[in-house]
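Below you'll find the structure, written out as structure tokens, and then a few comments.
The values are calculated or read from the model by the stated rules, or taken from the named source; none is laboratory data. Since this is a predicted model, take the numbers as computed values, not measurements. Note that each Cβ is placed from the backbone with ideal geometry, even for glycine, and that neighbours are counted across all protein chains shown.
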Amino acid sequence: MIVKDLVETTELMLDEVGENVAVIYELFDNADCHCDGEKVEEIECDPEEVVQILAGCSVDSLTNIKTYQVGKDFSSVEEVINDIRKNYKHLLK
């Protein structure tokens with residue numbers, strides 16, 4: 001079982017996104033855990049960086065529009081931000 005520990009979260013592009021839109025960066029420390037009776041073995045895995053675009057009718061109810069995995073979809077958060085500016089202009093001010 002993979003256990004994800006959220007260690008950092010930041011809202012990105014605050015001054016650029018429209019109302020009821022959020023771009024969220026999250027950093028997870030991951031561990032692969034195995035249970036053998038009463039013993040639990042935990043193997044550290046690579047950290048995971050995710051950027052999500054969330055939008056909705058209000059800030060109380062947001063839907064995931066797109067999730068980027070940094071290091072897989074794009075090599076950096078800055079590249080993700082550039083893609084959002086290019087492909088999700090309708091969500092920006």
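When segment 31-54 is examined, which residues are found to be under 14 Å from the mean Cα position of the chain (by Cα) and either assigned to a strand (DSSP E or B) or surrounded by fewer than 10 Cβ atoms within 10 Å (Cβ to Cβ) (or both)?
If the condition is that a residue be under 14 Å from the mean Cα position of the chain (by Cα) and either assigned to a strand (DSSP E or B) or surrounded by fewer than 10 Cβ atoms within 10 Å (Cβ to Cβ) (or both), then Glu48, Glu49, Val50, Val51, Gln52, Ile53, Leu54 are the ones that fit.
Looking at (1) out of contact with any helix residue (DSSP H, G or I) (no Cβ under 7 Å at 6 or more places or on another chain); (2) closer than 21 Å to Glu78 by Cα, can you tell me which one Ile43 breaks?
In the conditions (1) out of contact with any helix residue (DSSP H, G or I) (no Cβ under 7 Å at 6 or more places or on another chain); (2) closer than 21 Å to Glu78 by Cα, Ile43 misses (2) alone.
Starting from residues that are surrounded by 11 or more Cβ atoms within 10 Å (Cβ to Cβ) and of a type in the set (Val, Ile, Thr), keep the ones in segment 55-93 and report whichever is modelled with the lowest pLDDT.
Result: Val59.
Select from segment 16-27 the residues that are free of Cβ contacts under 8 Å to residues at least 40 places away in the same chain and of a type outside the set (A, V, I, L, M, F, W, C) and list them in ascending order.
The answer is Glu19, Glu26.
Quick check: is even one residue across segment 81-91 among the hydroxyl-bearing types (Ser, Thr, Tyr) and assigned to a strand (DSSP E or B)?
no
Residues in segment 10-22: is at least one among the acidic types (Asp, Glu), at pLDDT below 95, part of a strand (DSSP E or B) and out of contact with any helix residue (DSSP H, G or I) (no Cβ under 7 Å at 6 or more places or on another chain)?
The answer is no; no qualifying residue exists.
Does segment 55-88 hold any residues that are in contact (Cβ under 8 Å) with a residue 24 or more places away in the chain and of a type in the set (A, V, I, L, M, F, W, C), and which are they?
Across segment 55-88, the qualifying residues are Ala55, Cys57, Val59, Leu62, Ile65, Val77, Val80, Ile81, Ile84.
Taking Asp46 as the residue in question, decide whether it is out of contact with any strand residue (DSSP E or B) (no Cβ under 9 Å at 6 or more places or on another chain), over 30 Å from Cys57 (Cβ atoms) and not hydroxyl-bearing (Ser, Thr, Tyr).
Here the answer is no, as Asp46 does not meet what is asked.
Kindly indicate whether Ile2 is exposed (fewer than 12 other Cβ atoms within 10 Å of the Cβ), within 17 Å of the chain's Cα centre (by Cα) and in contact (Cβ under 8 Å) with a residue 40 or more places away in the chain.
Yes.
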